[in-house]
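The values are calculated or read from the model by the stated rules, or taken from the named source; none is laboratory data. Not measured: the values here are computed from a predicted model. Reconstructed Cβ throughout: ideal geometry from the backbone, glycine too, with neighbour counts over all protein chains shown.
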Amino acid sequence: MIKIKPIIGIVGRLYSEESNIICVEEVRTAITKMGGIPLLILPGDKIDMKFKNPSLKPFYSKEEIEDLERVLCLCDGFILPGGDTWYQLDEIVVEYAIREDKPLLAICLGMQVLSKVLSGEKRVGYDNTVKNNSVINHLEPSKTFVHSVVINKNSKLYSIIGKKKITVNSRHSYHVSLSDNLYISARSSDGLIEGVELKDKKFIIGVQWHPESILDKSRYSRKLFRAFLKYSQKFH
């Protein structure tokens, strides 16, 4: 039996409201360092991604969704990276990964998308996060480590990390709120939700921090990416 490197679809992000859709470089290099093949996933609709309010964009047509899923079926796993705004594209990827039980690692904004989909909120592209207001400043992009995170011992995240409390980086101004459909796998020391997951799937995990940015400095980040790619692994 021969291992085949998994193809990991990375959802593209609009860069600072300019005309370039990018692949987050730290995510790409994390995938390649840990043994995967990155593939950029681009929008399949005809509407400019700079559209000011994603929740008001026209829905994808059935044909556009089918076109997009032809690309998604090429992937063995998916990463939803951080960013400023999410679109229907993000939600389609989440729904596809859940339906097909393909591994999904959702990071920062990506975790917020995953949480929104799992919450049952039906408005496409609607941001249901809450502005941070706690004793910890969670927007510290220049710091390698910002605060501690306590991991639920009954979670898949704990089975991967193997430790109840770790220190992470942080660069978000908003957080997800509690929902009946969310399984909370981790919280920061001030109580904000830092990890969510689907327990009945192979690997559907969201984290609010950026493990890709501290891959070389945190063995727990490497453990997370290694597990994600293991669940995405193909054999011939």
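For segment 24-79, a residue qualifies if it is closer than 22 Å to LYS217 by Cα and in a helix (DSSP H, G or I), and the qualifying residues are GLU25, GLU26, VAL27, ARG28, THR29, ALA30, ILE31, THR32, LYS33. Taking first residues from segment 198-218 that are in contact (Cβ under 8 Å) with a residue 24 or more places away in the chain and of a type in the set (S, T, N, Q) and partners that are surrounded by fewer than 19 Cβ atoms within 10 Å (Cβ to Cβ) and in a helix (DSSP H, G or I), the Cβ contacts under 7 Å between residues at least 6 apart in sequence or on separate chains come to SER213/GLU26.
Conditions (1) in contact with a helix residue (DSSP H, G or I) (Cβ under 8 Å, 6 or more places away or on another chain); (2) assigned to a helix (DSSP H, G or I); (3) under 21 Å from LEU139 (Cα atoms), marked per residue:
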| position | (1), (2), (3) |
| --- | --- |
| ASP190 | no, no, yes |
| VAL196 | yes, no, yes |
| LYS202 | yes, no, no |
| GLY206 | yes, no, yes |
| GLU212 | yes, yes, yes |
| LYS217 | no, no, yes |
| SER221 | yes, yes, yes |
| PHE225 | yes, yes, no |
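Of the residues in segment 80-130, how many are of a type in the set (Lys, Arg) and part of a loop (DSSP other than H, G, I, E, B)? Can you show your working first?
Step one: list which residues in segment 80-130 are of a type in the set (Lys, Arg), which gives 99, 102, 116, 122-123.
The next check asks that each one be part of a loop (DSSP other than H, G, I, E, B); those that pass are 102, 122-123.
Of the residues in segment 80-130, 3 are of a type in the set (Lys, Arg) and part of a loop (DSSP other than H, G, I, E, B).
For segment 24-52, the candidate set comprises residues that are more than 20 Å from the chain's Cα centre (by Cα) and in contact (Cβ under 8 Å) with a residue 24 or more places away in the chain; within that set, the residue that is farthest from ILE7 (Cα to Cα) is LYS50. Can you tell me which residue in segment 131-163 is surrounded by the most Cβ atoms within 10 Å (Cβ to Cβ), limited to those that are closer than 30 Å to LEU89 by Cβ and touching a His at 6+ places or on another chain (Cβ under 6 Å)? Ranking the candidates gives HIS138 first.
Of all residues in segment 169-188, those being under 17 Å from ILE98 (Cα atoms) and either in a loop (DSSP other than H, G, I, E, B) or out of contact with any strand residue (DSSP E or B) (no Cβ under 9 Å at 6 or more places or on another chain) (or both) number 2. With respect to the conditions (1) modelled with pLDDT under 90; (2) surrounded by 20 or more Cβ atoms within 10 Å (Cβ to Cβ), GLY120 falls short on a single one, namely (2).
Scanning segment 145-168 for residues being touching a strand residue (DSSP E or B) at 6+ places or on another chain (Cβ under 9 Å), part of a loop (DSSP other than H, G, I, E, B) and not small (Gly, Ala, Ser) gives a total of 6.
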